[in-house]
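The values are calculated or read from the model by the stated rules, or taken from the named source; none is laboratory data. Note that this is a predicted model, so its numbers are computed, not measured. All Cβ positions, even for glycine, are placed from backbone atoms using ideal geometry, and neighbour counts span all protein chains on display. What goes into the accessible areas is simple: the full protein's heavy atoms, side chains included, and nothing from ligands, DNA or RNA. Shrake-Rupley method; radii C 1.70, N 1.55, O 1.52, S 1.80 Å.
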Amino acid sequence: MKENQFIKQFLKNKMGVVGFSMLVIFILIALFGPMIVQYDPQVFGERADVLNPPSAAHWLGTDDLGRDVFKALIAGSRVSLIVGVAATFISMFIGTSVGIFSGYLGGKTDNVLMRITDVFLVLPWLPLMLVLAALLGSNIWNIIFVIGITGWAGTARIVRAQTLTEKERQYIERSKSFGASNLFIIWHHIFPNVFPLVFANTILVTATSILSETTLSFLGMGDVSKPSWGTTLHFAFESGALSNKAYWYFMPPGVCVLLLVLAFTLMGFALDEIVNPKLRQR
Amino acid sequence: MNRKYIVKKLFYACITLMGVLLINFFLFRIMPGDPVSMLVRNPNANIETVEKMKAAYGLDKSLAAQFVTYVSSMFIGDFGTSFHYNMPVMKVIGDRVFATILLVGTAEIIAIIFGTFLGIVAAHKRGTKLDVGALSFSLVTYAMPSFWLGILMIAFFSGFLGILPTSGMTSPSLYFAVGMQRASDIAVHLVLPVLTLALVLLGEYMLVMRSSLIEVLTEDYILTARAKGFDDKTILKKHALPNAMIPMATLVAMSLGFVIAGALQVETVFSWPGLGRLMYDALQNRDYPLLQGIFFITSMCTIGTNLISDLLYGYLDPRVKE
C-alpha cells in the first residue's frame, strides 16, 4: 500500500483521527509540560498544604504530602509515555524476530521457538511482572525491561502466522532460485510484508504496556524518584485519599491513563481495519 | 477430531509444563532477600541456628539437588512450608481458594451472560446507536486499569452513597455469625468486587461475540438460508449462533485460567482474602515457597484451560485438522 493512500484511508477513519489527535495532545504535554511546570517529588508542602481541594494556586488540589497534583500529572505524563513506548519497542523486537524466524525457518527451530512462546503465553503475566520487578529492583529501566520481556508472545504468534502465508508466495521461491540467502529474503521480502500488521499490533501493545506500567506502579513496584500516573495512584490509595474523599487526588491520574490508553486503542483498531482488508468490507 | 490432534496438544501441554517448572524454580532462587535472613530476624542468632534453619528448609543443598527435590515434590502436591505462615503451602492456598472461586465464578457467570447477549444485540443491530454505545462501553472498560475501576466503585457506592462495604469478605461485628446471617454478610461484601471484575471481563466477551457473529453472518450458508425464506430470528438462532458461539466457548475456557491471576488487582483493592491478594502479600513477605506454589497452580490452571479450549475448538469446529 502506498503511503499517500494509507494516510487518506486513515483520515477517513473517525476512530483513528480521534485517537491520533488525543495522542498528539498527550505527546505535546509530555514534551513541553515539564519545561513549563516545574515539579520535584522530593519537595513536600507545609502542614497547611496537605490534601487541599482544587484552588487557584493548586488547580487540582494537593496530595497527602502537600504536593501539587496537577504538576505531578504533567511530570507523570512523560514517565508513562516513555515507559509504555520503550517497553513496546522491546516486545515488538522480540515478538517480530521470533515470529519471522519461527515461521520462515519452520521445522525444529519453529517447534522450539513456539514452545518457548507457549510458556510465555501461559505464565500469569501480572504475577510474573511483579516477581521480576521485585527481583530486579524498582527503577524505570527495569520496569521497561520487565514489561517488554513479558509482552511479546502474542505478537510472535501473529507474525508467525502472517510469515507462513507470505513465504508460500511464488516470488520467494524465485528469489531462492536466484541464490538469495535466508537473511536476505527475511529482511527484503518477508519483513516489509508483515510490517503493516506489526505496526497495527505495536499500537495495541503500547496500550497494554501503559496499562501494565500503571498497574505495576500502583501495586508498589514503581520508581518513586520518577513518579508516573500509577505511582500517584499508589500513594493516593495508600494514604487513604479514598476515605478522605479527596477526589481530586485519585480521579485525575486515572482519567489520564484511561484517555491515553483509549487513544492508542482507537488508533490500533483503525489501523487494524486498514491493514486487514477482510475487516474493511464489513 | 482425530487422535493425533489430541496427542499432539497433550504433548505440547507437557512441554509447556516443564518450561513453567524450570522458570518457576530459577526465578525464585535468584530473588534478593535471603529467606533465612527473613526467618531469623534476631540479629543475635548464632551461625549454628542459621545453619539449622537452612538445613530445615533444604537451602543448604546444591542448586541441582534443590531442583530435583523441587520437581518431585511438586508432582506429589508437596509445595513445602510457607516461611511467613509457618504452615504447609497447600494448606495456606487451600484456605484462600474458596474466596477466589466465589469472586471469579460469580463475575464470570455475569460477564458471560451479559457479554454474549450484548454482543448478539450489537452484531444484529450493527451500525446503530446501540451498537456504537456497546462498542464504546467495551473500549472504555478495556482502557481502564481494573484497580482504578475498583477505586471508582468504592468512591461511588461506599463513599458517596454509603450503601456497600469497602473491603474484606465479612464484617468484623459479624465474625461469629453463622447460616443465613453469614451468607448475606458475604453477599453484601461480594457485590462491588464482583461488579468490578464482571465489567472488566464483559467488554472482551462482547467484542468477541460481536465480531464472531458478524463474520458468520457474511457466510454463504446464511445467504442460502435467507434465500430459502427463513425469517431473521430463525436464521440467527438456528444457523448463525451455533457457529458464532465457537470462539466464545474457547475464549471462556482460556480466560478461566488467566482470571485467578487477573483477580489480583481487584482483590488487592478490596482486600478480598483470595489467591490474588495472598500472592501480593507473599511477594511483600518474600515468602518463596508460597509464591512458587501459587505461581505453579495458576500456571497449571492456564495450561489446563488452554488445553481444554484447544480440544474444545477441535471438537466444535471439525475444519481444524492441524
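Mean sequence separation of contacting Cα pairs (under 8 Å, at least six apart), scaled by the length of chain A, corresponds to a relative contact order of 27 percent. Working from Cα pairs under 8 Å separated by at least six residues, relative contact order for the range B:144-298 is 25 percent.
Within the listed set A:G95, A:G33, A:G230, the Gaussian network model of chain A (springs between alpha-carbon atoms below 10 Å) gives the highest mean-square fluctuation for A:G33. With the helix formula -39500 (n - 2.57) applied to DSSP H stretches of n ≥ 4, chain B reaches a computed 222 nm mean residue ellipticity of -24500 deg cm²/dmol. By definition, a body whose alpha carbon gyration tensor gives a ≥ b ≥ c is prolate when a/c is 1.5 or more and a/b is larger than b/c, and the range B:196-322 fits this prolate description. Projected label points at B:I113 and A:V43, each 7 Å from Cα along the beta carbon direction, are separated by 5.6 nanometres. Taking every full run of DSSP H in chain A, the ones that stretch at least 30 Å from end to end by Cα along their long axis and average 1.0 or higher on the Kyte-Doolittle scale are A:14-36, A:69-105, A:191-216, A:247-275. Estimated at the nearest 10 Å², the accessible area of A:F20 is 100 Å² with a 1.4 Å probe.
Put simply, the convex hull of the Cα atoms in the range B:80-160 casts, on average, a shadow of 8.4 nm². Counting only heavy atoms of the protein chains and using a 1.4 Å probe, B:T106 has close to 50 Å² of accessible surface.
Divided by 2.2 N^0.38 Å, where N counts the residues, the Cα radius of gyration of the protein assembly as shown comes to 1.03.
The Cα atoms of the range A:93-225 give a gyration tensor whose axes a ≥ b ≥ c have a/c of 1.5 or more with a/b greater than b/c, which makes the shape prolate.
Per residue, the convex hull spanned by the Cα atoms of chain A measures out at 160 cubic angstrom. Considering only B:L264, B:A240, B:V200, and ranking their Cα positions along the charge dipole of the range B:192-322 that arises from unit charges at the beta-carbon of Lys, Arg, Asp and Glu, the one farthest toward the positive end is B:A240. Among A:S80, A:S243, A:S21, the residue with the largest mean-square fluctuation in a Gaussian network model of chain A, with springs joining Cα atoms closer than 10 Å, is A:S243. Residues in chain A average 47 Å² of solvent-accessible surface per residue, probe 1.4 Å, ligands and nucleic acids excluded. For the residues of B:145-156, the average number of beta carbons from a partner chain within 10 Å of their own beta carbon is 6. In degrees, nearest 10, range 0 to 90: what is the angle between the Cα axis of helix B:3-29 and the longest Cα principal axis of chain B? The angle comes out near 40 degrees.
Any of B:K129/B:K238; A:K167/B:K4; B:K125/B:K238; A:K14/B:K125; A:K71/A:K245 with alpha carbons more than 22 Å apart? Name them for me.
Pairs exceeding the cut-off: B:K129/B:K238; A:K167/B:K4.
Solvent exposure of B:D310, expressed as accessible area, is near 60 Å², computed with a probe of 1.4 Å over the protein chains only. The ellipsoid equivalent to the alpha-carbon distribution of chain B has semi-axes of 44, 28, 15 angstrom, derived from the gyration tensor eigenvalues as √(5λ) and listed largest first. The fraction of all Cα pairs in the range B:81-122 landing in successive 5 Å bins from 0 to the largest distance is 5, 21, 14, 13, 11, 10, 8, 7, 6, 4, 1, given as whole percents. Just checking the listed ones, A:Q162, A:Q38, A:Q170: in the Gaussian network model of chain A with Cα springs under 10 Å, the one fluctuating most is A:Q170. Which whole-angstrom value gives the distance between the alpha carbon centres of the range A:218-260 and the range B:85-135? Between the Cα centre of the range A:218-260 and that of the range B:85-135, the gap is 26 Å. If R0 is taken as 45 Å, the Cβ-Cβ distance between B:S171 and B:D78 corresponds to a FRET efficiency of 0.80. Couplings 3J(HN,Hα) of the range A:42-56, computed from phi: 7, 8, 8, x, 6, 4, 6, 8, 6, 6, 7, x, x, 8, 5 Hz, in residue order, whole Hz [Karplus 6.51 cos²θ - 1.76 cosθ + 1.60, θ = phi - 60°; x for Gly and Pro].
Using a cutoff of 8 angstrom between alpha carbon atoms and counting only pairs six or more residues apart, the relative contact order for chain B works out to 28 percent.
Amide H to amide H distances under 5 Å link B:T81 with B:V89, where only residues 5 or more positions off or on other chains count and H is placed in the peptide plane.
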